[in-house]
Every structure is written in C-alpha cells, then in structure tokens.
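Visitor: Got a structure for you, questions after.
The values are calculated or read from the model by the stated rules, or taken from the named source; none is laboratory data. Quick caveat, the model's predicted, so the values are computed rather than measured. Cβ sites come from the backbone with ideal geometry, for glycine too, and all protein chains shown count toward neighbours. Areas reflect the complete protein model, heavy atoms only, side chains present, ligands, DNA and RNA absent. Shrake-Rupley method; radii C 1.70, N 1.55, O 1.52, S 1.80 Å.
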Amino acid sequence: MRAILLKSPETSADQLSVVETSQPEPGNGEVLVEVAFGGCNYADTMMRDGSYPHPKGYPLVAGLEISGRIAGLGEGVTDCQVGDRVAAFSEDAGGFADFCVVPAERLVRLPGGVSYEQGAAMMIQSLTAWHLLHTVSTTTPGDRLLIHAIGGGVGLNLTQLAVSAGARVFGTVGTPGKEEKALRFGAEMVVDRSAVDFVAAFTDALGPSPFDKVLDSTGATILDRSFPLVRKLGHVVSYGEAEGRPLPNLW
C-alpha cells in the first residue's frame, strides 16, 4: 500500500515522500479501514518538524483522524461490519496511507448525509470544540466568549457550536484574512493581533473584563495577557501552546 512517510522528526515539507509499505493487519478488537480522507491537524505538522514527536518513533506515518470504509475485522469485533462507512481517531497515527488499523472503540459510523471529507475533519477538531464548550466548562445563552486563533480548525468549530448554543462569540487571529470565516459563522468581532493590541481593542469596545470565558490554544504571552479580559469567576480554558509555553511566573 502507499503511505506518506516521515523519515525523521525534522522532516521538511519538501522531503515528504510517498512510499510502498506492507498493509497492516487488524488485531484483537481492531478494524482495518480503507482510508478515503485523512485530516491534517496541527499535531501532524508538529510531528513533521519535531516539535511534537510521536511516541511510536520514526520513521513514522502520521495521520490521527481518518474516514473511509471498513475493509477487515480483527478478532472480537462484533458491532460493525466490512463495508461500513466510518470516521476514526487513530492515536497510533498511520492515517496518511491507503489502509489504517484502529481500535473498534474509536470508530463512529457516518450517517448517509455526512461525506467522507466531512467525516475526516470531525473526530479531533469538532469533538475537541464540543468538549471545551460543554464538558470542560459550560456554555449558556448570552455568554460572551473570546476565542483565540478563531480562524483555525478548532476555532471555527468552537465558533459554530458556541453560536448554536446561544453564546456571543469574539475572537483573535494572528494573520490578516483569517477572520473572514469566523465572522461569516457568527462571530461578532475579530481582532488581528498582528495589527492591534487585542486587550485594548476589546476593552475599548466592550468595557472592562468583558468575557465570561476565554478559550486559548496559543499559550505564551497571549494567554498571559488574556486574564484581565475575564470577568470575576469566569473561565480560562487553555488547550494548546501554539505560540509557546505560558510565562513561568503565571503559575
């Protein structure tokens, strides 16, 4: 089968290669999925450049979420069958290949109205967004939310799910133009951090400590500077360090 191979944890984008390798076999409690689409998440790009190495080691076939058709069943798998349309989370990676083995417990069947392309984008970003809003914390109608990196995959999922829950959504981006989809999906105001001071911009527009909750995947000084924007007894949900670790004196 074909697979995209990362030869080392410092593989540049132009060094990615498609190789022929042996097709995996499903073990006990596992299924073999013929991959239709693989979702490319920030974690995958970090595996490539070595900033988020995978515990399996290298060489490595990345790809943590996939969609496709079940092509084989391992021993003990009884609640699905060959031919089922599914999406899956593969903690062991391996999704950027023609076939991938995943535990049956990490499959979801795709309804007829959900395409393979949509299914491959659901398992990590959409579920992460849902749990950030409704499990890690609560989101109720009228809440004001600040979403950093609102133009990214999780940010856009957060926007749509928060708006559907009746919340008011605000955000920041680090690159001009990335605010467009968030605004189209219901965000009321998005600030470009590369152009203006986001703390001052939101304080001027909404008043002091205007947010009930901040959701941040950036870390570093962006997270550090966000605390004054949260109301008393509000929530700060930190789920990533795309810009670096928070300042040591914060903790």
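Visitor: Figure the gain on full extension for ALA165 and GLU75 (residue separation times 0.36 nm, minus the Cα-Cα span) and round it to one decimal in nm.
Guide: Stretched fully, the ALA165-GLU75 segment lengthens by 28.3 nm.
Visitor: Per-residue HN-Hα couplings for the stretch 9-20, Karplus 6.51 cos²θ - 1.76 cosθ + 1.60 at θ = phi - 60°, whole Hz, x for Gly and Pro?
Guide: These are the phi-based 3J(HN,Hα) values: x, 10, 7, 6, 4, 7, 9, 4, 9, 8, 10, 8 Hz.
Visitor: Also, I was wondering about something else. Which whole-number percent is the relative contact order of the stretch 63-200 (Cα, under 8 Å, 6+ apart)?
Guide: Normalised by residue count, the contact order of the stretch 63-200 is 16 percent.
Visitor: Using a 1.4 angstrom probe, figure out how much accessible area the stretch 1-138 has per residue, in square angstrom, rounded to the nearest whole.
Guide: 52 Å²
Visitor: Expressed as a whole percentage, what fraction of the accessible surface of the stretch 182-251 belongs to carbon and sulfur atoms when a 1.4 Å probe is rolled over the protein heavy atoms?
Guide: 54 percent
Visitor: For the stretch 148-198, what mean projected area does the convex hull of the alpha carbons give, in nm²?
Guide: 2.9 nm²
Visitor: Hey, can you grab everything whose amide H is under 5 Å from the amide H of VAL214? Only 5+ residues off in sequence or another chain; H modelled, so Pro and N-termini drop out.
Guide: Excluding prolines and chain starts, which carry no amide H, the hits are LEU146, HIS235, VAL236, VAL237.
Visitor: Carbon and sulfur atoms: what percent of the 1.4 Å accessible area of the stretch 77-176 do they account for?
Guide: Exposed carbon and sulfur together represent 55 percent of the surface.
Visitor: Regarding the stretch 144-243, what's the average projected area of the Cα-atom convex hull, expressed in nm²?
Guide: Mean orientational projected area (the stretch 144-243, Cα hull): 5.5 nm².
Visitor: Roughly how big is the stretch 124-205's charge dipole about its Cα centre, with Cβ charges of +1 (Lys, Arg) and -1 (Asp, Glu), in debye to the nearest 20? Show your work: numbers first, answer last.
Guide: Details: 6 positive and 7 negative charges, 42 e Å.
The dipole magnitude comes to about 200 debye.
Visitor: A further question follows. Go through 217-227, 174-184 and give me the packing order, highest mean Cβ count within 10 Å leading.
Guide: Most protected by this proxy first, the peptides run 217-227, 174-184.
Visitor: Related question: What dipole magnitude, in Debye to the nearest 20, does the chain give about its Cα centre under +1 on Lys/Arg Cβ and -1 on Asp/Glu Cβ?
Guide: I would put it at about 660 debye.
Visitor: Using Cα-Cα distances under 8 Å and only pairs 6 or more residues apart, what relative contact order does the chain have, in percent?
Guide: Relative CO of the chain lands at 13 percent.
Visitor: Which distance in nm do the two modelled labels at GLN15 and ARG231 give, with both placed 7 Å along the Cα-to-Cβ direction?
Guide: 5.1 nm
Visitor: For the chain, list log₁₀ I(q)/I(0) at each q in 0.14, 0.15, 0.16 Å⁻¹, using the Debye formula over Cα point scatterers of equal strength and ignoring solvent, two decimals each.
Guide: -0.98, -1.06, -1.14
Visitor: Right, another one. In Å, what is the Rg of the alpha-carbon atoms in the stretch 56-124, and how long is Dmax?
Guide: For the stretch 56-124, the Cα radius of gyration and maximum Cα-Cα distance read 11.9, 38 Å.
Visitor: Still on this structure, please answer the following. Taking the C-alpha atoms of the stretch 104-146, how large are the radius of gyration and the largest Cα-Cα span, Dmax, in Å?
Guide: Just the Cα atoms of the stretch 104-146 yield Rg and Dmax of 13.5, 39 Å.
Visitor: Moving on. What are the residues whose amide H is under 5 Å from the amide H of ASN41, where those residues sit 5 or more places off or on another chain and H is modelled from the backbone?
Guide: Long-range HN contacts for ASN41: LEU64.
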